[in-house]
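Contents: one structure, followed by commentary.
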Amino acid sequence: MGFKENLREEISYQGLMVKELAAKAGLQPSSLSNYLRENSSIPSADIAVKIANALNVSVEYLVTGTEITQLTPDVRIMADKISKMSARDRRCLEALVNAIEKENKTPQ
């Protein structure tokens, strides 16, 4: 897949409308719509960065469909939320994840 297909897929995955993404990226909705058309070219690097930042993905992901870290979109969203938590909340979450991991390793 290429830029426009990956962009369409990410917009759909995040449940956004084109006008919402355009506002988040500081673009006109018509400009963003142009990048989603069948015969469109990929945007300039500065516009691609704005779109990627608004979606919280890398430009590489929009162009190639893969991330360096290979995280799925849902895990990326969780990682972003975790990074915004306080240290105390991250420790609590870590304890919960460790407990779940331990439970799953225990024979049933």
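Can you report the number of residues in segment 39-60 which are surrounded by fewer than 19 Cβ atoms within 10 Å (Cβ to Cβ), touching a residue at least 12 places away in the same chain (Cβ under 8 Å) and assigned to a loop (DSSP other than H, G, I, E, B)?
Residues flagged as surrounded by fewer than 19 Cβ atoms within 10 Å (Cβ to Cβ), touching a residue at least 12 places away in the same chain (Cβ under 8 Å) and assigned to a loop (DSSP other than H, G, I, E, B) within segment 39-60 amount to 3.
Considering only residues that are assigned to a helix (DSSP H, G or I), among the hydrophobic types (A, V, I, L, M, F, W, C) and open to solvent by less than 60 Å² (accessible area, probe 1.4 Å), which ones fall in segment 22-38? Before you say what the answer is, go through the steps one by one.
So in segment 22-38, the residues assigned to a helix (DSSP H, G or I) come out as 22-25, 29-36.
Of the ones still in play, those that are also among the hydrophobic types (A, V, I, L, M, F, W, C) are 22-23, 25, 32, 36.
Those that are assigned to a helix (DSSP H, G or I), among the hydrophobic types (A, V, I, L, M, F, W, C) and open to solvent by less than 60 Å² (accessible area, probe 1.4 Å): Ala22, Ala25, Leu32, Leu36.
Any idea which of Lys4, Lys19 is among the basic types (Lys, Arg), loosely packed, with under 15 Cβ neighbours inside 10 Å and assigned to a helix (DSSP H, G or I)?
Lys19
So Phe3 clears everything in (1) under 30 Å from Ala95 (Cα atoms); (2) in contact (Cβ under 8 Å) with a residue 60 or more places away in the chain except one condition, right? Which one?
(1)
The values are calculated or read from the model by the stated rules, or taken from the named source; none is laboratory data. Because the structure is a prediction, the values reported are computed rather than measured. Every residue, glycine as well, gets a Cβ built from its backbone with ideal geometry; the counts of neighbours run over all protein chains shown. Just so you know, the surface numbers come from the protein's heavy atoms only, side chains and all, with ligands and any DNA or RNA stripped out. Shrake-Rupley method; radii C 1.70, N 1.55, O 1.52, S 1.80 Å.
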